[in-house]
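Working notes, beginning with the structure itself.
The values are calculated or read from the model by the stated rules, or taken from the named source; none is laboratory data. What you see is a predicted model; the values in this text were computed from it and never measured. Note: ideal-geometry Cβ built from the backbone for every residue, glycine included; neighbour counts use all protein chains shown. Ligands, DNA and RNA are stripped out before the accessible areas are found, and what is left, the full protein with its side chains, is counted by its heavy atoms. Shrake-Rupley method; radii C 1.70, N 1.55, O 1.52, S 1.80 Å.
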Amino acid sequence: MDDSELTAEKLKCGEFLRRHLHAAWMLRQRANKTPAAARKRLLLREWQAARLARCYADLLTSARYAQPAHFILTDLYGPKDFSSRDGEIERILPLLLNLLPLSALQTIALAVEIDALTEKLDAAMVAELDRAGAIDNIDDDAYSAAFQNVGRRPDRLRQIALIRNTGDALERLARKPLVTTALKLMRRPAQLAGLTDLQTFLENGFTTFRSMGDASEFLDCIEHRERQLIENLFAGVAQPFDRLS
């Protein structure tokens, strides 16, 4: 790829980032428009955080996989509010386009797309749980019923595919020495600009996957369990969260 093609691809990636950042921002604004709405969103996210901890207790206590599991389940897929990080990406995007290789930008774009899609699915779940009168007392049965009523199987499968793609991209990045240099160059400007959340996200993802080495078994486990869970939930299987291999 020559310089002009690389520049064009980076600009395309930048536009992709802006589009999904805006979508995530709009959804968060809507979800947090009142204290009551923000509380309902938080209740769902707290329940989902507990669900992830339950479904991945083995990975979170594994000597090899605890750190990457924590990163995937909190910094990428979990209930954390990414509004600060995403706002930082918007502000620092010209610097990112100049400093980071295309592969790193594409990885960030995947993470932001996950964020926007998760906000969309969570908003639908909050609305359904609230309609059913279960938002204040979410349990496995209430969540399963809401999940089936919301539907959106293609979006659920897309969410899993994005998580897998992001993990694969982070593993590839971890093998590139130039990314280490770029992140170090960004560290001081990011701190001065108040962009600590973004820098922490980038460095955590990079160092986590570099220390893990081959990530295929780890990512296979997450992808398999999340796909299995989707099938359990849509099929109405009893105790769907406890029937994961």
Legend entry - Failed item, numbered, when Pro101 is tested on (1) over 24 Å from Glu5 (Cα atoms); (2) open to solvent by 10 Å² or more (accessible area, probe 1.4 Å): (1)
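Residues of segment 227-242 being outside any helix (DSSP H, G or I) and surrounded by 15 or more Cβ atoms within 10 Å (Cβ to Cβ), which ones?
Val237
Here is a check on your reading of the model: is Leu95 surrounded by fewer than 23 Cβ atoms within 10 Å (Cβ to Cβ), over 27 Å from Arg153 (Cβ atoms) and at pLDDT below 75?
For Leu95, the condition - surrounded by fewer than 23 Cβ atoms within 10 Å (Cβ to Cβ), over 27 Å from Arg153 (Cβ atoms) and at pLDDT below 75 - is met.
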Legend entry - Conditions (1) at positive phi; (2) modelled with pLDDT of 90 or more: number failed by Gln239: (2)
Inset, instruction - Looking only at segment 10-55, count how many residues are over 19 Å from the mean Cα position of the chain (by Cα), charged (D, E, K, R), open to solvent by less than 100 Å² (accessible area, probe 1.4 Å) and at pLDDT 85 or above. - result: 1
Legend entry - Subset of segment 214-240 [of a type outside the set (A, V, I, L, M) and touching a residue at least 60 places away in the same chain (Cβ under 8 Å)]: Phe218, Cys221, Glu223, Arg225, Glu226, Arg227, Phe234, Gly236, Gln239, Pro240
Legend entry - Every residue from segment 143-175 that is hydrophobic (A, V, I, L, M, F, W, C) and open to solvent by 20 Å² or more (accessible area, probe 1.4 Å): Ala145, Val150, Leu157, Ala161
Inset, instruction - State which residue is farthest from Glu9 (Cα to Cα) when the search covers only segment 99-150 and only residues that are touching a residue at least 40 places away in the same chain (Cβ under 8 Å) and outside any helix (DSSP H, G or I). - result: Asp136
Legend entry - Flag for Ser84 being at pLDDT below 75, among the hydroxyl-bearing types (Ser, Thr, Tyr) and assigned to a helix (DSSP H, G or I): yes
Inset, instruction - Considering each residue of segment 192-226, count those that are open to solvent by 50 Å² or more (accessible area, probe 1.4 Å), at pLDDT 85 or above and assigned to a helix (DSSP H, G or I), and give that number. - result: 3
Inset, instruction - Please find, within segment 31-65, the residue that is farthest from Thr207 (Cα to Cα) out of those that are in a loop (DSSP other than H, G, I, E, B) and touching a residue at least 60 places away in the same chain (Cβ under 8 Å). - result: Tyr56
